[in-house]
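Novice: Here it is, the structure in full.
The values are calculated or read from the model by the stated rules, or taken from the named source; none is laboratory data. For clarity, every value in this text was computed on a predicted model and none was experimentally measured. For neighbour counting, all protein chains shown are included, and Cβ atoms are generated from backbone atoms with ideal geometry for every residue, glycine included.
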Amino acid sequence: MVNHDRRGEPKKGGVVLSERTYEDRPNLWKRLLKQWIFLALLVFIAVFSVTAPGFLTVRNIRNIISYTSVPLLLALGQTFVIISGGIDLSVGAVLGFCGVSSALILKLVWDATGSVGFSIVAGTLSGMIIGTTLGAVSGTMIAKLKVPPFVVTLGMLGIARGCTYLLTSGRSIIGLPIELARIGNYRIWGVIPITLVVALLLIGISLYLLNMTRMGRYTYAIGGSETAAIRAGIPVARYKILIYALSGFMASCAGLVTLARFGTGSPLAGVNSELDSIAAVVIGGASLMGGIGTIFGSVVGALIIGVLLVGLVLLNVEPYWQMVSVGVILIIAVFLDQVRNKDRVQP
Amino acid sequence: MRTLKMAFLLVLLVAVVGLVGFGKKYTIGFCPGIVTNPFYIAMQHGATQAANELGIELIWQGAQNWDFSEQTVILNALIARGVDALILAPTDPEAIKIPLQEAVDAGIAVITVDTDINDPDAEIRLTSIASDNVLGGFMAGEALAEAIGFEGEVALMGAMVGVTSNELRYEGFRAAIAQYPDIEIVASEYSQEDQAKAAQQMQSVILAHPNLLGAFAVDTPTAHGCAVGVRNAGVEGEFVLVGFDAQPLEIEDLQAGLITMLVAQAPYAMGYVGVQLAYDYLQGFLPEFPGDFTTGFYVITADNVNDPQTQKWVYLTEPPTK
């Protein structure tokens, strides 16, 4: 808290911060509670904590975090894409492709050098490079060749998933060093899963990129009105490529997290998870028309999907209701945002 | 008097503890590969039947997609709920091992059904109850070979690449056909479990290979799709289509003459035996398992499809009421 004197003058610093502004600025909690979806998450957690046996245990919280981390990482990249007015349907397939290709490279390097540490570093880096490259390729086709994002990324979905099956003949890649699974399932002080650390790190990077950099501002600008962005002199094509490359990078990280957690490169990893990532972003308040969305919202959206799934399993609710519930929340989320944004000036 | 009172209370206490102990209800978590498939719904019927007979609480929870990370989160939730035993149809024989090890570490007995994990020394799971899928594919191959007179062109209509049970059936089918040098597999297609895709693929394969005599469709959506493809291609009655599994719509196709024969698995038995064995283990009856269990097959043709015996092998589409 800044130390004020009676007249509202701060004792240090040049900027005058009046007493009134300080009082009026809502604190973090008030701002969070304004986000109805965050409230919904809290309500779900509260209800499940009381009703679902085993929900509020360390093991289960870890379970929710570990599961949510993958759609969450995909949703981080997807947030940028959706805010820019695009969509990335390829994230699940890129996840799968990066997972198996880094598993293969890891194994090759391990066989060649015999060094576990070096092979894991090589596998991780090459996975990230492959994912980012695939994303950049999609982005280039969207930005330079003007093919709609839906089509390009749907094509990339097929290409990446098909290549994954070709690379593996459909079988999981096994015989990876045991240290890989040890890292993937490592818990700091025996409690905090490594996946949480990775997720927090990438959330931090995303928050920084979206809110504090030129890239973030341009992402909103492109999604708000691409024509206006071009007229304002924003290099739209370059930033679009960058946005899809970022989405590819996040997908590769999700692939690496999956690879390390399960200790095997499965060609089935990430099937259908693009839908979860889109649902998380939309539940989090982003508009598929572009220009609107936050990292915080997407994180909450992903958590809602994870919490609902686990809570309903623990309550032994018939599994079909899980699909129904996520579907209902998705539509309510979009509907409420429509109502909220009704008064907004249309671009 | 006081001693008598104490003795009485003691007896009461023992009785209560004994009753509670006797009435202890085991909770068994059962996690199928995917909840929407009649194969697993038939398995759910078997498991529910056994659970009702034995007075066990059965928690039937599975993923909505064929996805090992979704299955893992459900598996972990069942561990967190504190089930006594876990029965699981693994979606990936490797990836699911680490989460299953967690269950074992938490003191939960693990049994696999339908598909096994890669665990030859049974260090993780107690036992596995499944069809011998190589044998099933082999039986289908043999039946197809016989029906076409041991020579000519056939097609392999697969579903998924990478799903163990499917892969094993391909393997068995190819091994059976390899016995006959005059039979050639001229096409292999993968429907991704999509009926419409299978129909289109079957039709294209028949068009591309005018001498094609028959095909093996590896699972339900593929078999049903291929049946539609056979009808569209106008070769019904002369084309030999061997399907796998026995879902109601496949039976209809068989009765309509589109499918020649079906190799049916026994999901009901897998569910029933799974729960029974888990119970036996929890009761201490089966400290050592003799080995893995295979549940066998039943071949359904136009000749036996209306037998009451055959009807018992048809899979179910409605989940049991609790």
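Novice: Can you give me the number of residues within segment B:73-83 that are facing chain A (nearest Cβ under 7 Å) and either under 20 Å from the mean Cα position of the chain (by Cα) or in contact (Cβ under 8 Å) with a residue 60 or more places away in the chain (or both)?
Specialist: Count: 1.
Novice: Here is a further query. Given A:Gly158, A:Gly184, which one is among the small types (Gly, Ala, Ser) and closer than 30 Å to A:Ile241 by Cα?
Specialist: Working: A:Gly184 fails: closer than 30 Å to A:Ile241 by Cα.
Testing whether each residue is among the small types (Gly, Ala, Ser) and closer than 30 Å to A:Ile241 by Cα leaves just A:Gly158.
Novice: Further, regarding this structure: Listed residues B:Gly229, B:Gly257, B:Gly271; which is part of a loop (DSSP other than H, G, I, E, B) and either crowded, with 24+ Cβ neighbours inside 10 Å or on the phi > 0 side of the Ramachandran plot (or both)? I'd like the intermediate steps shown before the answer.
Specialist: Numbers: B:Gly229 fails: part of a loop (DSSP other than H, G, I, E, B); B:Gly271 fails: part of a loop (DSSP other than H, G, I, E, B).
Answer to the check: B:Gly257.
Novice: Scanning segment A:92-128 for residues that are of a type in the set (Val, Ile, Thr) and free of Cβ contacts under 8 Å to residues at least 40 places away in the same chain, which turns out farthest from A:Gly265 (Cα to Cα)?
Specialist: Here is the first cut: in segment A:92-128, the residues of a type in the set (Val, Ile, Thr) are A:94, A:100, A:105, A:109, A:113, A:116, A:120-121, A:124.
From the residues that got through so far, the ones that are free of Cβ contacts under 8 Å to residues at least 40 places away in the same chain too are A:105, A:109, A:113, A:121.
Numbers: A:Ile105: 11, A:Val109: 15, A:Thr113: 20, A:Val121: 16 Å.
Per the stated criteria, the residue is A:Thr113.
Novice: Within the set of pairs 6 or more residues apart or between chains, which connect a residue that is within 14 Å of chain B (Cβ to nearest Cβ) inside segment A:150-172 to a residue that is surrounded by fewer than 22 Cβ atoms within 10 Å (Cβ to Cβ) and in a helix (DSSP H, G or I) with Cβ atoms less than 7 Å apart?
Specialist: A:Leu167/A:Leu104; A:Gly170/B:Glu167
Novice: Here's something else I'd like to know. Would you be able to say whether some residue in segment A:240-247 is surrounded by 14 or more Cβ atoms within 10 Å (Cβ to Cβ) and either in contact with a Lys or Arg (Cβ under 6 Å, 6 or more places away or on another chain) or hydroxyl-bearing (Ser, Thr, Tyr) (or both)?
Specialist: In the first step, residues of segment A:240-247 are kept if they are surrounded by 14 or more Cβ atoms within 10 Å (Cβ to Cβ); the result is A:240-247.
Going one step further and asking which of them are either in contact with a Lys or Arg (Cβ under 6 Å, 6 or more places away or on another chain) or hydroxyl-bearing (Ser, Thr, Tyr) (or both), we end up with A:244, A:247.
Yes, there is a match, as at least one residue in segment A:240-247 is surrounded by 14 or more Cβ atoms within 10 Å (Cβ to Cβ) and either in contact with a Lys or Arg (Cβ under 6 Å, 6 or more places away or on another chain) or hydroxyl-bearing (Ser, Thr, Tyr) (or both).
Novice: Now, a different point. Out of curiosity, is B:Ala50 within 21 Å of B:Ser131 (Cβ to Cβ), away from every other protein chain (no Cβ under 11 Å) and crowded, with 24+ Cβ neighbours inside 10 Å?
Specialist: Details: within 21 Å of B:Ser131 (Cβ to Cβ): yes; away from every other protein chain (no Cβ under 11 Å): yes; crowded, with 24+ Cβ neighbours inside 10 Å: no.
No; evaluated as a whole, the condition is false for this residue.
Novice: Can you spot a residue in segment B:136-147 that is of a type in the set (A, V, I, L, M) and surrounded by fewer than 20 Cβ atoms within 10 Å (Cβ to Cβ)? Before you say what the answer is, go through the steps one by one.
Specialist: Taking segment B:136-147 as the starting set, the residues that turn out to be of a type in the set (A, V, I, L, M) are B:139-140, B:143-145, B:147.
From what is left, the residues that are surrounded by fewer than 20 Cβ atoms within 10 Å (Cβ to Cβ) are B:147.
Yes; the residues of segment B:136-147 include at least one that is of a type in the set (A, V, I, L, M) and surrounded by fewer than 20 Cβ atoms within 10 Å (Cβ to Cβ).
Novice: Return the total of residues in segment A:262-320 being closer than 20 Å to A:Ala160 by Cβ and polar (S, T, N, Q).
Specialist: Adding up the residues that qualify gives 5.
Novice: Sticking with this one: So, in segment B:159-199, exactly how many residues are under 16 Å from the mean Cα position of the chain (by Cα) and among the hydrophobic types (A, V, I, L, M, F, W, C)?
Specialist: 4
Novice: Can you list residue pairs whose Cβ atoms sit under 9 Å apart, with the first residue in segment B:150-161 being on the phi > 0 side of the Ramachandran plot and the second being among the aliphatic types (A, V, I, L, M)? Count only pairs 6 or more apart in sequence or on different chains.
Specialist: B:Phe150/B:Ile183; B:Gly152/B:Ile183; B:Gly152/B:Leu212; B:Gly152/B:Leu213
Novice: Checking A:Ser49 against (1) away from chain B (no Cβ under 12 Å); (2) under 30 Å from A:Ser169 (Cα atoms); (3) among the small types (Gly, Ala, Ser), which single condition isn't satisfied?
Specialist: Here A:Ser49 meets the rest and fails (2).
Novice: A:Thr195 fails exactly one of the following numbered conditions: (1) closer than 25 Å to A:Thr68 by Cα; (2) at pLDDT 95 or above; (3) among the polar types (S, T, N, Q). What is the number of that condition?
Specialist: Only one criterion in (1) closer than 25 Å to A:Thr68 by Cα; (2) at pLDDT 95 or above; (3) among the polar types (S, T, N, Q) is unmet by A:Thr195, namely (2).
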